[in-house]
Amino acid sequence: MHMKQTCRSSARMLTVGTLLMALLAGASMPGRAVAAEAGKTAGQKPVSRFTQVEAGTFYSLALRNDGSVWTWGRNLWSELGIQEHMTVTSIAAPVRLAGLDEIVSIATNGGGYQLAAKADGSVWEWGRSLQSVKQGIRPRQVAGINGVAAVEAGATSGFAVKRDGTLWAWPREGSAAAANASNGPARAAGISGVVQLTSYGDLAAAVTKEGAVWLWHASASEAAFQPLKPIRVTGLPKIKQVALLWDTAYGIDENGRTWSWSWTYGGVKGSYSVNAIKQIGQPKKIQAVMKMKEVKAGDGYALFVTSSGEVWTNSQTQPGKLVKRSGLPAASSAAAGGYHGLALDASGRIWGWGADKWYEIGTPPTSPDGMIYKPVQVEREINLTANGKRLESIFPAVQRGRSILVPLRDTAAVVGAVFKTVNNYEGQFMIIEYKGNTAELGWNKAKLVVDGKAMEIDYPTGAWSGVTMVPCSLLKQLGVSISWDGASRTVSISG
């Protein structure tokens, strides 16, 4: 018996068809070097670009072609995986997650828990813990599961497609079933050749290379981890991709047409226990004109991406009708968050719209009510290195015009500079000492004094995600060596 999840979990779709089909055909697993070739032309360095984007409730994450993972938005419940004990409630721009490299796929359950598959077949987890909302999980490997090509994050379970096309599930950290060491990963009986995977709560939907769709429930909310028998959805043509939304599923067939059907749980009346999955009626074609290439499901709505890159969503006032999301470039993929949407364009840049009070769109709101009504581009990601090593700060660097702003305290620490704040009758100002040079600067000002001499900097100091940010030009004035690589979007600091 399994406890039915009453809260929203995952409605994410992970497009892994090309990767999984290649693996099933006997190809080797692509690693970081392969991924880094994306966006590269002859004689040029690889150009950094995002290849996958996912959205949860008030937060977002994305995978870059160098195998790195970036995240932003709310961290009130430790969703982002940047701290074990939450002290920072939000991050306003993409920040690179420490400890995650050579990643080939990412997933979120929408409620703050994330999974990733690495090029070596291992699985990694981070984000919100089931034990405490103030206790976060920094990226760490999930024991007992390997040989994985793609993942999906459930409410109490994790799901994975292995390189051989089989479907697996295991109890999530902190769940009732995880306390029992005998509850290891379980395989979905009778399912093979999986090329696409999605989940909602603890229900997974898998598409096989033959175009069949299977539903599989695997809850870890009770001491015994006993996934239910999978069921095959009947009445569908050959499907290439699916998404789950509450009690509704969407599928896109090989001709780009969209189908919908309903499902429910069987159980004991008056309780939340689940003992079966049931299909309700037969699938119906809901859109016969536009050719779709992807569907993503969020809380109460879905996003559809056409073959030409248009993004459409369910009408809130006219059930069954789709409404176009205007103001976007041609999209290659999309992500449906709780209250915001994201789109990935052909160049690998991310666009967002909707709620932004927690910076889940990755840039400040454009409206006083904390909303972004017209799609805007998410802040561009910036790598930070110091003395040849990655600077692993939980705060992002940001670009303003031609200026790069970096978190002062973390940057000063790695180059050996001393940073302190001083209050006097004129207000608060900062003092930075580096190799015999001393700089004094006021808050939110573009002027500083270095060893008594007034100088201009190209952008004012200020706050971002609650920390002091300064332009790289200030550090240069002190004698710190700074360089910029536009292809990898990396600021290199040495001192």
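Its relative contact order, with pairs defined as Cα atoms under 8 Å and 6+ residues apart, puts the stretch 329-385 at 25 percent. Label point of Lys476 set 7 angstrom out along Cα-Cβ; within the stretch 389-425, amide nitrogens under 17 Å from it belong to 398-407. Put simply, the stretch 291-411 fits an ellipsoid with semi-axes of 32, 16, 12 Å; these come from the alpha carbon gyration tensor as the roots of five times its eigenvalues, largest first.
Mind scanning Lys162/Lys229; Lys238/Lys374; Lys118/Lys389; Lys134/Lys476 and naming the pairs with a C-alpha gap bigger than 29 Å?
Flagged as over cut-off: Lys238/Lys374; Lys134/Lys476.
Around the Cα centre of the chain, unit charges on the Cβ atoms of Lys, Arg, Asp and Glu (plus for the first two, minus for the last two) sum to a dipole of about 880 debye.
Of the three principal axes defined by the Cα atoms of the chain, the extents in descending order read 79, 51, 47 Å.
Panel order for Asp356, Asp247, Asp253, Asp369, by other beta carbons found within 10 Å of each beta carbon, from fewest to most: Asp369, Asp247, Asp253, Asp356. Please compute the contact order of the stretch 2-377 in relative form: average sequence separation of alpha-carbon pairs under 8 Å and at least six residues apart, divided by the residue count, as a percent. In percent, rounded to a whole number, it is 16.
Between Val47, Ser492, Tyr459, the Cα set farthest toward the positive side of the dipole of the chain (charges on each charged residue's Cβ, about the Cα centre) is that of Val47. Summary of the geometry: the stretch 350-429 and the stretch 47-96, compared by the centres of their Cα atoms, lie 13 Å apart. One decimal place: the segment Ala413-Tyr301 gains 35.8 nm when fully extended, by the rule 0.36 nm per residue minus the C-alpha distance.
Ranked highest first by the average count of other Cβ atoms within 10 Å around their residues, in what order do 380-390, 341-351, 153-163 fall?
Top of the packing list down: 153-163, 341-351, 380-390.
Of the residues Ser132, Ser78, the one with the fewest other Cβ atoms within 10 Å heads the list, and the complete ranking is Ser132, Ser78. Here the peptides 183-196, 206-219 are ranked by packing, the mean other Cβ count within 10 Å, and the order with the highest first is 206-219, 183-196.
Fully extending the segment from Asp485 to Glu210 would add 94.5 nm, taking 0.36 nm per residue of separation and subtracting the current Cα-Cα distance.
Modelled this way, with points 7 Å down the Cα-to-C-beta line, the labels at Asp164 and Arg187 are 0.5 nm from one another. Let's test the formula: R0 of 35 Å, r as the Cβ-Cβ distance of Asp247 and Ser326. What FRET efficiency results, to the nearest 0.05? Once rounded, the FRET efficiency stands at 0.70.
Charges at C-beta only: +1 for Lys and Arg, -1 for Asp and Glu. How large is the resulting dipole of the stretch 383-494 about its Cα centre, in Debye rounded to 20?
Roughly 200 debye for the stretch 383-494.
Counting Lys and Arg as +1 and Asp and Glu as -1 over every other residue whose Cβ lies under 10 Å from the Cβ of Pro364, the net charge comes to -2.
Taking Lys and Arg as +1 and Asp and Glu as -1, the other residues whose beta-carbon sits under 12 Å from that of Arg74 total -1.
Given 0.36 nm per residue, what is the gain on full extension from Ala223 to Thr438 after removing their alpha carbon distance, in nm?
Values: separation 215, 0.36 × 215 = 77.40 nm, distance 6.10 nm.
Computed gain between Ala223 and Thr438 is 71.3 nm.
Backbone N atoms of the stretch 329-346 closer than 13 Å to the 7 Å Cα→Cβ label point of Asp369 are not found in any residue.
Alpha-carbon geometry of the stretch 383-494: the Rg and the Dmax are 13.3, 46 Å, given in that order.
Rule-based calculations on the coordinates, nothing more; no lab input. Please read these numbers as outputs of a predicted model, since none were measured by experiment. Counting neighbours? That spans all protein chains shown, and the Cβs are built from the backbone with ideal geometry, glycine included.
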